[in-house]
Amino acid sequence: MTRNSVPDVPSHETPSRLPDAWRFCVGTGRFDLALRGDYRESLALVQREIGFRHIRGHGLLSDGVGVHRPYEYRGERHVRHAFTYVDQVIDAYLDLGIKPFLELGFMPSGLASGEQTVFWWRGNITPPRSWQEWAAVVRATVTHLIDRYGLEQVRTWPIEVWNEPNLEQFWLDADREAYHRLYEVTANTVKDVDAALQIGGPAISPGADEWMVRFAEFVAERSLPIDFVSRHAYTSGPARHVPFGVHQTLAPASRLLEQFATPRRQLRGGPLADLPVHITEFNSSYRPDNPVHDTAFHAAYLAPVLAAGGDLVDSFSYWTFCDVFEEVGVPTSLFHGGFGLLTHRQIKKPTYHLYAFMARMGGEILARGRDHLVTRDSTGGTGRVTVLAWAPVDVTGGPPVDGHTVRLSVPIGSPSAAFVLRSSVSEEKGNAWRAWCEMGRPASPRPRQLDVLREAAEPVRSHRALPVEGGRVDLDLTLDRHEVTLLEITPVVNETPPWWDERRLLGLDEAQGGDR
(Lines give C-alpha, C1' and ligand atoms only; values in the text may rest on other atoms or scores of the structure.)
Protein backbone atom coordinates (compact mmCIF):
# COMPACT_ATOMS: atom_id res chain seq x y z
CA MET A 1 0.00 0.00 0.00
CA THR A 2 1.44 3.38 -0.99
CA ARG A 3 1.97 6.16 1.50
CA ASN A 4 -0.18 9.27 1.04
CA SER A 5 2.05 12.34 1.16
CA VAL A 6 0.21 15.14 2.91
CA PRO A 7 1.16 18.44 1.24
CA ASP A 8 2.40 21.31 3.33
CA VAL A 9 0.81 24.69 2.70
CA PRO A 10 3.30 27.21 1.28
CA SER A 11 3.52 30.41 3.28
CA HIS A 12 2.28 32.50 0.35
CA GLU A 13 -0.94 30.49 0.01
CA THR A 14 -4.11 30.80 2.09
CA PRO A 15 -4.73 27.38 3.67
CA SER A 16 -8.12 25.75 3.30
CA ARG A 17 -10.14 26.14 6.50
CA LEU A 18 -12.01 23.30 8.17
CA PRO A 19 -15.64 24.53 8.31
CA ASP A 20 -17.34 24.37 11.69
CA ALA A 21 -20.69 23.42 10.15
CA TRP A 22 -20.57 20.16 12.15
CA ARG A 23 -20.66 22.02 15.47
CA PHE A 24 -22.94 24.95 14.54
CA CYS A 25 -25.98 23.18 15.97
CA VAL A 26 -27.01 20.01 17.79
CA GLY A 27 -30.44 18.51 18.35
CA THR A 28 -32.28 17.92 21.59
CA GLY A 29 -35.41 16.31 22.93
CA ARG A 30 -38.42 18.53 23.48
CA PHE A 31 -37.80 21.98 24.87
CA ASP A 32 -38.98 21.46 28.46
CA LEU A 33 -36.71 18.43 29.05
CA ALA A 34 -34.00 21.02 29.72
CA LEU A 35 -35.59 21.54 33.14
CA ARG A 36 -34.19 18.16 34.25
CA GLY A 37 -30.91 17.65 36.09
CA ASP A 38 -29.68 14.71 33.99
CA TYR A 39 -30.27 16.72 30.83
CA ARG A 40 -28.32 19.73 32.07
CA GLU A 41 -25.45 17.60 33.36
CA SER A 42 -25.24 15.94 29.95
CA LEU A 43 -25.30 19.25 28.10
CA ALA A 44 -22.61 20.67 30.38
CA LEU A 45 -20.34 17.71 29.57
CA VAL A 46 -20.99 18.05 25.84
CA GLN A 47 -20.20 21.75 25.94
CA ARG A 48 -16.96 21.23 27.86
CA GLU A 49 -15.58 18.65 25.47
CA ILE A 50 -17.24 19.50 22.13
CA GLY A 51 -18.76 22.98 22.31
CA PHE A 52 -21.75 23.33 20.00
CA ARG A 53 -22.92 26.82 19.00
CA HIS A 54 -26.71 26.32 18.90
CA ILE A 55 -29.30 23.77 20.05
CA ARG A 56 -32.61 22.90 18.37
CA GLY A 57 -35.57 20.82 19.49
CA HIS A 58 -39.36 20.55 19.25
CA GLY A 59 -42.08 21.83 21.51
CA LEU A 60 -41.29 25.45 22.29
CA LEU A 61 -44.99 26.31 21.95
CA SER A 62 -46.42 22.96 23.08
CA ASP A 63 -48.51 22.77 26.24
CA GLY A 64 -45.64 21.42 28.36
CA VAL A 65 -43.87 24.78 28.13
CA GLY A 66 -47.02 26.75 28.93
CA VAL A 67 -46.54 29.81 26.73
CA HIS A 68 -50.12 30.10 25.41
CA ARG A 69 -52.57 30.34 28.34
CA PRO A 70 -56.19 31.16 27.42
CA TYR A 71 -58.54 32.18 30.21
CA GLU A 72 -61.94 33.78 30.81
CA TYR A 73 -62.54 37.00 32.67
CA ARG A 74 -65.93 38.62 33.03
CA GLY A 75 -67.36 36.35 30.39
CA GLU A 76 -64.74 37.11 27.75
CA ARG A 77 -61.90 34.95 26.42
CA HIS A 78 -58.38 36.30 26.81
CA VAL A 79 -54.89 34.88 26.30
CA ARG A 80 -51.93 35.31 28.60
CA HIS A 81 -48.45 34.56 27.29
CA ALA A 82 -46.28 33.05 30.01
CA PHE A 83 -42.53 32.46 29.76
CA THR A 84 -41.65 30.88 33.10
CA TYR A 85 -40.18 27.72 31.58
CA VAL A 86 -38.84 29.44 28.47
CA ASP A 87 -36.68 31.71 30.62
CA GLN A 88 -35.34 28.85 32.73
CA VAL A 89 -34.37 26.81 29.70
CA ILE A 90 -32.75 29.59 27.69
CA ASP A 91 -30.96 30.95 30.76
CA ALA A 92 -29.48 27.47 31.24
CA TYR A 93 -28.48 27.25 27.58
CA LEU A 94 -26.70 30.59 27.62
CA ASP A 95 -24.96 29.75 30.90
CA LEU A 96 -23.55 26.67 29.15
CA GLY A 97 -22.35 28.66 26.16
CA ILE A 98 -24.97 27.51 23.67
CA LYS A 99 -27.65 29.53 21.89
CA PRO A 100 -31.11 28.37 20.82
CA PHE A 101 -31.95 27.54 17.23
CA LEU A 102 -35.66 28.20 17.70
CA GLU A 103 -38.26 25.94 16.14
CA LEU A 104 -41.76 27.43 16.28
CA GLY A 105 -44.07 24.52 17.10
CA PHE A 106 -46.09 22.60 17.97
CA MET A 107 -49.57 24.11 18.23
CA PRO A 108 -50.83 25.05 21.71
CA SER A 109 -53.99 23.01 22.37
CA GLY A 110 -55.91 26.17 23.26
CA LEU A 111 -55.22 27.50 19.77
CA ALA A 112 -55.34 24.26 17.76
CA SER A 113 -57.98 23.58 15.13
CA GLY A 114 -58.00 19.85 15.92
CA GLU A 115 -56.90 17.19 18.38
CA GLN A 116 -54.39 15.27 16.27
CA THR A 117 -51.04 14.87 18.05
CA VAL A 118 -47.64 13.28 17.59
CA PHE A 119 -45.36 11.49 20.06
CA TRP A 120 -45.88 10.08 23.51
CA TRP A 121 -45.98 13.63 24.85
CA ARG A 122 -48.73 14.68 22.39
CA GLY A 123 -47.48 17.62 20.39
CA ASN A 124 -50.46 19.06 18.50
CA ILE A 125 -49.92 19.04 14.72
CA THR A 126 -52.96 20.99 13.50
CA PRO A 127 -53.05 24.51 12.04
CA PRO A 128 -54.25 27.32 14.30
CA ARG A 129 -57.94 27.98 14.43
CA SER A 130 -57.11 31.69 14.47
CA TRP A 131 -54.26 33.02 12.37
CA GLN A 132 -54.46 36.28 14.27
CA GLU A 133 -53.98 34.48 17.58
CA TRP A 134 -51.10 32.45 16.15
CA ALA A 135 -49.42 35.67 15.03
CA ALA A 136 -49.98 37.08 18.52
CA VAL A 137 -48.22 34.17 20.28
CA VAL A 138 -45.31 34.35 17.83
CA ARG A 139 -45.03 38.11 18.33
CA ALA A 140 -45.24 37.81 22.11
CA THR A 141 -42.59 35.10 22.22
CA VAL A 142 -40.09 36.92 20.02
CA THR A 143 -40.71 40.23 21.77
CA HIS A 144 -40.20 38.64 25.18
CA LEU A 145 -36.92 37.09 24.09
CA ILE A 146 -35.65 40.43 22.83
CA ASP A 147 -36.73 42.19 26.02
CA ARG A 148 -34.96 39.60 28.19
CA TYR A 149 -31.83 38.79 26.19
CA GLY A 150 -31.31 41.85 23.99
CA LEU A 151 -31.90 42.45 20.31
CA GLU A 152 -28.32 41.83 19.20
CA GLN A 153 -28.33 38.46 20.95
CA VAL A 154 -31.66 37.25 19.55
CA ARG A 155 -30.66 38.31 16.04
CA THR A 156 -28.07 35.51 16.19
CA TRP A 157 -30.73 32.86 16.92
CA PRO A 158 -32.17 31.31 13.73
CA ILE A 159 -35.96 30.84 13.86
CA GLU A 160 -37.41 27.87 11.96
CA VAL A 161 -41.08 27.55 11.11
CA TRP A 162 -42.42 24.13 12.22
CA ASN A 163 -40.93 20.63 11.74
CA GLU A 164 -41.31 18.28 8.75
CA PRO A 165 -44.66 19.61 7.48
CA ASN A 166 -44.38 17.24 4.52
CA LEU A 167 -45.23 14.35 6.86
CA GLU A 168 -48.79 13.84 8.05
CA GLN A 169 -47.38 12.76 11.42
CA PHE A 170 -46.17 16.34 11.95
CA TRP A 171 -48.63 18.52 10.02
CA LEU A 172 -52.28 17.65 9.52
CA ASP A 173 -52.71 15.84 6.19
CA ALA A 174 -49.25 17.15 5.18
CA ASP A 175 -51.17 20.09 3.73
CA ARG A 176 -48.65 22.11 1.73
CA GLU A 177 -50.89 25.13 1.22
CA ALA A 178 -51.65 25.31 4.94
CA TYR A 179 -47.94 25.19 5.70
CA HIS A 180 -47.24 27.94 3.20
CA ARG A 181 -49.79 30.09 4.96
CA LEU A 182 -48.24 29.25 8.32
CA TYR A 183 -44.86 30.31 7.00
CA GLU A 184 -46.22 33.53 5.52
CA VAL A 185 -47.99 34.62 8.71
CA THR A 186 -45.05 33.62 10.90
CA ALA A 187 -42.29 35.16 8.80
CA ASN A 188 -44.14 38.45 8.40
CA THR A 189 -44.84 38.58 12.13
CA VAL A 190 -41.21 37.92 13.07
CA LYS A 191 -39.91 40.51 10.62
CA ASP A 192 -42.46 43.02 11.86
CA VAL A 193 -40.83 42.74 15.28
CA ASP A 194 -37.35 43.24 13.81
CA ALA A 195 -36.24 42.99 10.20
CA ALA A 196 -32.83 41.56 11.12
CA LEU A 197 -34.19 38.47 12.90
CA GLN A 198 -33.41 35.25 11.00
CA ILE A 199 -36.40 33.28 9.72
CA GLY A 200 -36.50 30.17 7.55
CA GLY A 201 -37.90 26.76 6.68
CA PRO A 202 -39.39 24.44 5.51
CA ALA A 203 -37.57 21.80 7.65
CA ILE A 204 -38.67 18.94 5.39
CA SER A 205 -37.78 15.29 5.87
CA PRO A 206 -35.97 13.14 3.28
CA GLY A 207 -38.08 11.89 0.41
CA ALA A 208 -39.99 15.12 -0.16
CA ASP A 209 -37.60 17.14 -2.29
CA GLU A 210 -40.42 18.62 -4.37
CA TRP A 211 -41.54 20.48 -1.25
CA MET A 212 -38.37 22.58 -1.34
CA VAL A 213 -38.99 23.62 -4.93
CA ARG A 214 -42.63 24.51 -4.31
CA PHE A 215 -41.71 26.33 -1.11
CA ALA A 216 -39.08 28.41 -2.92
CA GLU A 217 -41.59 29.28 -5.64
CA PHE A 218 -44.19 30.32 -3.07
CA VAL A 219 -41.75 32.50 -1.13
CA ALA A 220 -40.54 34.18 -4.31
CA GLU A 221 -44.05 34.74 -5.73
CA ARG A 222 -45.22 36.35 -2.49
CA SER A 223 -41.94 38.23 -1.88
CA LEU A 224 -41.82 36.76 1.62
CA PRO A 225 -38.90 37.26 3.97
CA ILE A 226 -36.50 34.32 4.27
CA ASP A 227 -32.97 34.15 5.62
CA PHE A 228 -32.17 30.43 5.32
CA VAL A 229 -33.60 27.17 4.06
CA SER A 230 -33.64 23.95 6.07
CA ARG A 231 -34.18 20.24 5.62
CA HIS A 232 -33.35 16.94 7.35
CA ALA A 233 -31.26 13.94 6.35
CA TYR A 234 -31.50 10.27 7.35
CA THR A 235 -30.41 7.04 5.65
CA SER A 236 -32.44 4.25 7.26
CA GLY A 237 -35.07 2.07 5.65
CA PRO A 238 -38.46 1.00 7.03
CA ALA A 239 -38.60 0.09 10.72
CA ARG A 240 -38.83 -3.61 11.62
CA HIS A 241 -40.27 -3.56 15.10
CA VAL A 242 -39.30 -5.69 18.08
CA PRO A 243 -40.48 -4.98 21.63
CA PHE A 244 -39.05 -1.61 22.69
CA GLY A 245 -36.90 -1.26 19.59
CA VAL A 246 -36.47 -1.44 15.84
CA HIS A 247 -34.01 -2.72 13.26
CA GLN A 248 -33.50 -1.00 9.91
CA THR A 249 -31.35 -1.27 6.83
CA LEU A 250 -28.98 1.62 6.15
CA ALA A 251 -27.90 3.27 2.92
CA PRO A 252 -24.20 4.14 2.62
CA ALA A 253 -23.17 7.24 4.55
CA SER A 254 -22.47 8.99 1.25
CA ARG A 255 -26.25 9.23 0.89
CA LEU A 256 -26.25 11.73 3.76
CA LEU A 257 -23.84 13.94 1.84
CA GLU A 258 -26.06 13.65 -1.23
CA GLN A 259 -29.01 14.84 0.84
CA PHE A 260 -26.95 17.71 2.24
CA ALA A 261 -26.15 18.82 -1.33
CA THR A 262 -29.74 18.63 -2.57
CA PRO A 263 -31.11 22.05 -1.49
CA ARG A 264 -28.38 24.03 -3.23
CA ARG A 265 -28.76 21.91 -6.35
CA GLN A 266 -32.52 22.46 -6.33
CA LEU A 267 -32.30 26.21 -5.68
CA ARG A 268 -29.46 26.94 -8.09
CA GLY A 269 -30.25 29.87 -10.35
CA GLY A 270 -33.33 30.90 -8.36
CA PRO A 271 -34.00 33.75 -5.92
CA LEU A 272 -33.07 31.59 -2.88
CA ALA A 273 -29.84 30.25 -4.37
CA ASP A 274 -27.49 32.22 -2.14
CA LEU A 275 -29.24 31.59 1.17
CA PRO A 276 -27.55 29.60 3.95
CA VAL A 277 -28.59 25.93 4.07
CA HIS A 278 -29.10 24.33 7.48
CA ILE A 279 -29.60 20.59 7.91
CA THR A 280 -31.47 20.94 11.18
CA GLU A 281 -31.58 17.17 11.81
CA PHE A 282 -29.39 14.34 10.58
CA ASN A 283 -28.53 10.84 11.71
CA SER A 284 -28.44 7.31 10.34
CA SER A 285 -31.82 6.11 11.65
CA TYR A 286 -34.82 8.38 12.25
CA ARG A 287 -35.90 6.16 15.16
CA PRO A 288 -34.98 6.84 18.83
CA ASP A 289 -34.90 3.10 19.58
CA ASN A 290 -32.48 1.72 16.99
CA PRO A 291 -29.43 0.11 18.67
CA VAL A 292 -27.13 1.10 15.79
CA HIS A 293 -26.91 4.56 17.41
CA ASP A 294 -25.05 3.08 20.39
CA THR A 295 -22.33 1.24 18.45
CA ALA A 296 -18.77 1.76 17.26
CA PHE A 297 -20.06 1.01 13.76
CA HIS A 298 -22.07 4.22 13.98
CA ALA A 299 -19.03 6.39 14.74
CA ALA A 300 -17.07 4.97 11.81
CA TYR A 301 -20.16 5.28 9.59
CA LEU A 302 -20.53 9.01 10.31
CA ALA A 303 -16.83 9.97 10.30
CA PRO A 304 -16.66 10.77 6.55
CA VAL A 305 -19.86 12.83 6.91
CA LEU A 306 -18.37 15.06 9.61
CA ALA A 307 -15.15 15.37 7.62
CA ALA A 308 -16.85 16.54 4.40
CA GLY A 309 -20.30 17.88 5.28
CA GLY A 310 -19.14 21.45 5.81
CA ASP A 311 -18.28 21.73 2.12
CA LEU A 312 -21.96 21.36 1.26
CA VAL A 313 -24.02 23.21 3.88
CA ASP A 314 -23.74 25.92 6.51
CA SER A 315 -24.68 23.52 9.30
CA PHE A 316 -25.70 19.92 9.90
CA SER A 317 -27.18 19.24 13.30
CA TYR A 318 -26.72 15.82 14.89
CA TRP A 319 -30.00 14.51 16.27
CA THR A 320 -29.46 14.49 19.35
CA PHE A 321 -26.86 15.35 22.02
CA CYS A 322 -28.23 12.97 24.71
CA ASP A 323 -30.78 10.23 25.35
CA VAL A 324 -33.01 12.35 27.60
CA PHE A 325 -35.65 12.03 24.92
CA GLU A 326 -39.20 10.67 25.02
CA GLU A 327 -40.84 10.69 21.61
CA VAL A 328 -41.83 7.01 21.86
CA GLY A 329 -42.08 6.97 25.64
CA VAL A 330 -39.74 6.74 28.60
CA PRO A 331 -36.73 4.54 27.70
CA THR A 332 -36.78 1.10 29.30
CA SER A 333 -33.02 0.62 29.71
CA LEU A 334 -29.79 2.59 29.81
CA PHE A 335 -28.79 1.61 26.28
CA HIS A 336 -31.93 1.51 24.16
CA GLY A 337 -30.86 2.79 20.74
CA GLY A 338 -31.45 6.44 21.58
CA PHE A 339 -30.28 9.19 19.27
CA GLY A 340 -27.95 10.72 21.87
CA LEU A 341 -24.20 11.11 21.86
CA LEU A 342 -24.62 10.34 25.57
CA THR A 343 -26.89 7.90 27.36
CA HIS A 344 -28.72 8.88 30.52
CA ARG A 345 -26.19 9.32 33.34
CA GLN A 346 -23.57 10.67 30.89
CA ILE A 347 -22.19 7.45 29.45
CA LYS A 348 -20.28 8.40 26.29
CA LYS A 349 -21.07 6.51 23.11
CA PRO A 350 -18.45 5.98 20.37
CA THR A 351 -20.10 8.68 18.23
CA TYR A 352 -19.62 11.12 21.11
CA HIS A 353 -15.89 10.57 20.74
CA LEU A 354 -16.05 11.18 17.00
CA TYR A 355 -17.38 14.65 17.84
CA ALA A 356 -14.88 15.15 20.66
CA PHE A 357 -12.07 14.20 18.25
CA MET A 358 -13.36 16.73 15.72
CA ALA A 359 -13.31 19.38 18.44
CA ARG A 360 -9.56 18.77 18.88
CA MET A 361 -8.75 19.09 15.19
CA GLY A 362 -6.86 22.09 13.88
CA GLY A 363 -8.41 24.76 11.71
CA GLU A 364 -6.30 24.35 8.54
CA ILE A 365 -6.97 21.41 6.24
CA LEU A 366 -3.80 19.77 4.95
CA ALA A 367 -5.37 16.70 3.34
CA ARG A 368 -8.56 14.67 3.09
CA GLY A 369 -9.15 11.18 1.80
CA ARG A 370 -11.77 8.46 1.88
CA ASP A 371 -10.50 7.32 5.28
CA HIS A 372 -8.72 10.33 6.81
CA LEU A 373 -8.68 14.05 7.50
CA VAL A 374 -5.45 15.91 8.30
CA THR A 375 -5.37 19.40 9.82
CA ARG A 376 -2.93 21.82 11.38
CA ASP A 377 -3.54 24.03 14.39
CA SER A 378 -2.46 27.54 13.46
CA THR A 379 -3.14 28.96 16.92
CA GLY A 380 -0.66 29.19 19.75
CA GLY A 381 2.41 28.52 17.59
CA THR A 382 2.60 24.84 18.60
CA GLY A 383 2.80 23.43 15.07
CA ARG A 384 0.38 20.70 16.15
CA VAL A 385 -0.92 18.50 13.33
CA THR A 386 -3.99 16.30 13.83
CA VAL A 387 -5.06 13.23 11.91
CA LEU A 388 -8.54 11.74 12.08
CA ALA A 389 -8.73 8.30 10.49
CA TRP A 390 -11.52 5.74 10.32
CA ALA A 391 -12.08 2.17 9.23
CA PRO A 392 -14.54 1.51 6.40
CA VAL A 393 -17.95 0.08 7.23
CA ASP A 394 -20.21 -2.17 5.21
CA VAL A 395 -23.98 -1.58 5.45
CA THR A 396 -24.77 -4.69 3.39
CA GLY A 397 -23.94 -7.14 6.16
CA GLY A 398 -20.71 -8.32 4.57
CA PRO A 399 -17.66 -9.35 6.59
CA PRO A 400 -16.42 -6.41 8.71
CA VAL A 401 -13.02 -4.98 7.87
CA ASP A 402 -10.25 -5.80 10.35
CA GLY A 403 -6.77 -4.35 10.07
CA HIS A 404 -7.55 -1.46 7.70
CA THR A 405 -4.32 0.45 7.07
CA VAL A 406 -3.76 4.16 6.58
CA ARG A 407 -0.23 5.29 5.61
CA LEU A 408 0.57 8.99 5.69
CA SER A 409 3.59 11.24 5.40
CA VAL A 410 2.76 14.35 7.42
CA PRO A 411 4.60 17.70 7.39
CA ILE A 412 5.68 18.74 10.88
CA GLY A 413 8.54 21.20 10.41
CA SER A 414 12.21 20.99 11.36
CA PRO A 415 12.52 19.23 14.76
CA SER A 416 14.34 15.92 15.00
CA ALA A 417 11.38 14.17 16.60
CA ALA A 418 7.62 14.48 17.07
CA PHE A 419 5.40 13.44 19.96
CA VAL A 420 2.32 11.47 18.84
CA LEU A 421 -0.73 11.02 21.08
CA ARG A 422 -3.28 8.57 19.71
CA SER A 423 -6.87 8.20 20.98
CA SER A 424 -9.07 5.42 19.62
CA VAL A 425 -12.56 3.95 19.83
CA SER A 426 -13.58 0.72 18.10
CA GLU A 427 -15.43 -2.51 18.74
CA GLU A 428 -12.96 -3.25 21.56
CA LYS A 429 -11.81 0.24 22.57
CA GLY A 430 -13.81 3.03 24.16
CA ASN A 431 -17.04 1.15 23.60
CA ALA A 432 -19.41 1.30 26.56
CA TRP A 433 -22.20 -0.36 24.60
CA ARG A 434 -20.04 -3.46 24.11
CA ALA A 435 -19.16 -3.49 27.81
CA TRP A 436 -22.85 -3.14 28.70
CA CYS A 437 -23.70 -6.11 26.47
CA GLU A 438 -20.99 -8.18 28.14
CA MET A 439 -22.45 -7.22 31.54
CA GLY A 440 -25.70 -8.85 30.47
CA ARG A 441 -27.45 -5.66 29.35
CA PRO A 442 -28.61 -4.46 32.79
CA ALA A 443 -31.63 -2.21 32.28
CA SER A 444 -30.82 -0.09 35.34
CA PRO A 445 -27.11 -0.46 36.11
CA ARG A 446 -26.08 -0.07 39.72
CA PRO A 447 -23.66 2.71 40.70
CA ARG A 448 -20.59 0.49 40.44
CA GLN A 449 -21.70 -0.74 37.03
CA LEU A 450 -22.17 2.86 35.90
CA ASP A 451 -18.62 3.62 37.02
CA VAL A 452 -17.32 0.66 35.02
CA LEU A 453 -19.26 1.75 31.95
CA ARG A 454 -17.88 5.28 32.21
CA GLU A 455 -14.37 3.85 32.36
CA ALA A 456 -15.05 1.52 29.44
CA ALA A 457 -16.37 4.45 27.43
CA GLU A 458 -13.07 6.36 27.48
CA PRO A 459 -10.90 6.13 24.36
CA VAL A 460 -7.81 3.96 24.52
CA ARG A 461 -4.77 6.24 24.42
CA SER A 462 -1.19 5.54 23.44
CA HIS A 463 1.83 7.72 22.78
CA ARG A 464 5.28 7.57 21.25
CA ALA A 465 8.04 9.68 19.75
CA LEU A 466 8.65 9.36 16.01
CA PRO A 467 11.60 10.60 13.99
CA VAL A 468 11.23 13.58 11.67
CA GLU A 469 13.00 13.19 8.35
CA GLY A 470 12.96 15.92 5.77
CA GLY A 471 10.44 17.85 7.85
CA ARG A 472 7.93 14.97 7.78
CA VAL A 473 6.66 12.18 10.02
CA ASP A 474 5.72 8.83 8.50
CA LEU A 475 2.63 7.20 9.99
CA ASP A 476 1.58 3.59 9.55
CA LEU A 477 -1.86 3.16 11.12
CA THR A 478 -3.59 -0.17 11.47
CA LEU A 479 -7.23 0.28 12.43
CA ASP A 480 -9.34 -2.22 14.30
CA ARG A 481 -12.87 -3.10 13.29
CA HIS A 482 -14.99 0.08 13.11
CA GLU A 483 -12.19 2.14 14.63
CA VAL A 484 -12.09 5.92 14.67
CA THR A 485 -8.73 7.28 15.79
CA LEU A 486 -7.28 10.72 16.44
CA LEU A 487 -3.56 11.42 16.30
CA GLU A 488 -2.19 14.68 17.72
CA ILE A 489 1.35 15.27 16.48
CA THR A 490 3.47 17.93 18.13
CA PRO A 491 7.09 18.91 17.39
CA VAL A 492 9.44 17.90 20.20
CA VAL A 493 11.55 20.58 21.82
CA ASN A 494 14.16 18.56 23.68
CA GLU A 495 14.86 20.06 27.11
CA THR A 496 16.64 17.04 28.57
CA PRO A 497 19.47 18.26 30.89
CA PRO A 498 23.00 17.19 29.89
CA TRP A 499 23.54 15.18 33.09
CA TRP A 500 20.55 12.90 32.51
CA ASP A 501 21.53 9.25 32.00
CA GLU A 502 18.71 6.72 31.98
CA ARG A 503 21.19 3.91 32.70
CA ARG A 504 21.61 5.36 36.19
CA LEU A 505 17.89 5.45 36.97
CA LEU A 506 18.27 2.91 39.78
CA GLY A 507 21.17 4.77 41.37
CA LEU A 508 23.86 2.49 39.95
CA ASP A 509 27.05 3.84 38.41
CA GLU A 510 27.95 3.03 34.84
CA ALA A 511 30.31 0.25 35.76
CA GLN A 512 27.78 -1.55 37.92
CA GLY A 513 25.11 -1.02 35.28
CA GLY A 514 27.42 -2.35 32.62
CA ASP A 515 28.33 -5.45 34.69
CA ARG A 516 24.70 -6.32 34.92
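The values are calculated or read from the model by the stated rules, or taken from the named source; none is laboratory data. For clarity, every value in this text was computed on a predicted model and none was experimentally measured. Quick reminder, even Gly has a Cβ in these numbers, built from the backbone with ideal geometry, and neighbours come from all protein chains shown. The protein model used for the area step is the full one, side chains on, heavy atoms only, and it has no ligands, DNA or RNA in it. Shrake-Rupley method; radii C 1.70, N 1.55, O 1.52, S 1.80 Å.
Residues whose amide H lies under 5 Å from that of L341, counting only those 5 or more places away or on a different chain, are T320, F321, C322; hydrogens are built 1.01 Å from N in the peptide plane. The H on the amide N of A417, modeled in the peptide plane, is under 5 Å from the matching H of V468, V492, each at least 5 residues off or on a different chain.
Residues M361, M439 ordered from highest to lowest accessible area at a 1.4 Å probe: M439, M361. Think of it as helices only: each DSSP H run of n ≥ 4 in the chain is worth -39500 (n - 2.57), and spread over all residues that comes to -8500 deg cm²/dmol at 222 nm. Computed from backbone phi, the HN-Hα couplings of the range 113-129 come to 8, x, 10, 5, 10, 10, 6, 4, 8, 6, x, 6, 10, 9, x, x, 7 Hz, rounded to whole numbers (Karplus: 6.51 cos²θ - 1.76 cosθ + 1.60, θ = phi - 60°; Gly and Pro given as x).
Which cross-chain or sequence-distant (5 or more) residues have an amide H under 5 Å from the amide H of C25, H modelled 1.01 Å from N in plane? Distant-sequence amide H within range of C25: R53, H54, F316. Take the alpha carbon atoms of the range 405-480, find their center, do the same for the range 163-178, and report the distance between the two centers in whole angstrom. When both Cα centres are located, 45 Å separates them.
The trypsin sites (Lys or Arg not before Pro) of the range 295-394 that DSSP puts in a loop, and whose beta carbon has at most 16 other beta carbons within 10 Å, are R370. Ranking Y234, Y286, Y39 from most to least accessible surface, computed with a 1.4 Å probe over the protein chains only, gives Y286, Y234, Y39. In order along the range 193-202, the Karplus-derived 3J(HN,Hα) couplings, from 6.51 cos²θ - 1.76 cosθ + 1.60 at θ = phi - 60°, round to 6, 7, 5, 8, 5, 8, 10, x, x, x Hz, and Gly and Pro are given as x.
Protection proxy ranking of 237-246, 205-214, by the mean of other Cβ atoms within 10 Å over each peptide's residues and highest first, is 205-214, 237-246. When each of the peptides 460-470, 48-58 is scored by how many other beta carbons lie within 10 Å of its residues on average, the order from highest to lowest is 48-58, 460-470. The loop-placed GluC sites (Glu not before Pro) in the range 102-165, going by DSSP, that have at most 16 neighbouring Cβ atoms within 10 Å of their Cβ come out as E115. Among the lysines of the chain, pairs at least eight places apart or on separate chains and with Cα atoms under 30 Å apart come to 5. Between 0 and 90 degrees, the angle of helix 296-308 with respect to the longest Cα principal axis of the chain falls at about 80 degrees. Rounded to the nearest 10 degrees, the angle from helix 447-456 to the longest Cα principal axis of the chain is 60 degrees.
What does the convex hull of the alpha-carbon atoms of the range 119-273 project to on average, in nm²?
Numbers: hull surface 44.6 nm².
Average projection, Cα convex hull of the range 119-273: 11.2 nm².
Estimate the FRET efficiency between R69 and D192 by the formula 1/(1 + (r/R0)^6), using the beta-carbon distance for r and 30 Å for R0, to the nearest 0.05. According to the calculation, E is roughly 0.85.
Using the Cβ of E184 as centre and a radius below 12 Å, the other residues enclosed give a net charge of +1, where K and R count +1 and D and E count -1. Taking a ≥ b ≥ c as the square roots of the eigenvalues of the Cα gyration tensor, the chain is prolate, since a/c reaches 1.5 or more and a/b is larger than b/c. Using only Cα atoms and rounding to the nearest 10 degrees, what angle (0 to 90) does helix 350-359 make with the longest principal axis of the chain? Helix 350-359 sits at roughly 80 degrees to that axis.
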